[in-house]
Amino acid sequence: MPLNIVHDKDGLPRIILTEPTGSSAESFWKPPKAIRGGIPVCFPQFGNLGLLEQHGFARNRFWSLDEDASPLPQANNQSTVDLILKSTEEDIKAWPRGFELRLRISISPGKLTLIPRVRNVDNKAFSFMFALRNYLSVSDISEVRVEGLETLDYFDYLMNKERFTEQADAITFDGEIDRVYLSTPTKIAIIDHEKKRTFELRKDGMPDSVVWNPWDKKAKALPDMGVDGYKTMLCVDSAAIENPIVLKPFEEWRGRQELSTVSSSYCSGQLDPGRVLHGFH
Ligand code: TA6
């Protein structure tokens, strides 16, 4: 499928991926910060560690088309774009490492696949954290359940990153949540009861998952969230946070995330976990 590159009114390029059944994805950026939404790439750090801007600089930079990307066999109902971010002078001052960050974005019917890769192009090893910050659109956060994280340990960012163990048999939402779940399974289900729709998040190479909703008080402090924006969003990220990834010189790390939606079958108000978490291979 040909690449569709348009320029918005500010003259900034915007890449639009479509596929014949109507799914689409847009990659655009309005300097100087990442948009509130979509899937910002958090690299080389996650959180506010004082060293770099929050969640690292990658999401606040201009990426380029990766002209050297290896061509890949394309199904005719799939469209793909390869982007690359290389270290700039400004970044090297703040984070003196030689890296190439590549992101392959593919869309197919009802599925968005992201394949991030980080190559160390330096002659010394370095470590980094990574997260795909998935801003999911939900109908009503108080009607959403997340399944797949039960019994896991998590760092609670609302309790000074203290470590706890999830006791509930699913995560539901009645207030601010800001947790990094550790050693999570490959598959996580985000069930939107009202829309009878489930997001299926499948990931490799990113063992952790962040679950974040600012709720009403924190949302007021986010000018681009809007007073009620927290009611219809939820971040469930694919991440490598607890154990930063270490790359030797010229080594490359690769991750993978598939985000798809299925209609949710319900019996007595509960999701049939067998259908969602185990029903696909
Ligand atoms: O989820 C971790 C976290 O740092 C929260 O504490 C909150 O500050 C959020 O990320 C901000 O994410 P954003 O996408 O607005 O940069």
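Any read-out appearing in this document is the output of simple, stated calculations on the displayed coordinates, not a laboratory observation. Everything numeric here is computed off the predicted structure, so don't read it as measured data. Neighbour counts are summed over all protein chains in view; Cβ atoms, including those assigned to glycine, are modelled from backbone coordinates with ideal geometry.
When you count the other C-beta atoms within 10 angstrom of each residue and take the mean per peptide, 43-52, 90-99 line up highest first as 43-52, 90-99. Placing R0 at 25 angstrom, the Cβ-Cβ distance between Phe250 and Gln54 gives a FRET efficiency of 0.25 after rounding to 0.05. Spacing of the modelled spin labels on Ile92 and Lys30, each 7 Å from Cα toward Cβ, amounts to 3.3 nm.
Residue exposure proxy: Arg133, Arg14, ordered by other Cβ atoms within 10 angstrom of their Cβ from fewest to most, comes out as Arg14, Arg133.
If one puts a single equal scatterer on every Cα of the chain and applies the Debye formula without solvent, what log₁₀ I(q)/I(0) results at q = 0.09, 0.12, 0.13, 0.15 Å⁻¹? Summing over Cα pairs of the chain leads to -0.43, -0.80, -0.95, -1.28.
Secondary-structure-derived ellipticity at 222 nm for the chain, considering helices only, amounts to -1000 deg cm²/dmol, per-run term -39500 (n - 2.57) for DSSP H runs with n ≥ 4. Taking each of Lys93/Lys248; Lys111/Lys231; Lys9/Lys161; Lys196/Lys218; Lys33/Lys161; Lys86/Lys111 in turn, the alpha-carbon distance tops 32 angstrom for Lys9/Lys161. Oblate is the label for region 173-212, because a/c, from the alpha-carbon gyration tensor with a ≥ b ≥ c as root eigenvalues, is 1.5 or above and a/b does not exceed b/c. Report note on the peptides 172-179, 6-13: ranked by the mean count of other C-beta atoms within 10 Å, highest first, their order is 172-179, 6-13.
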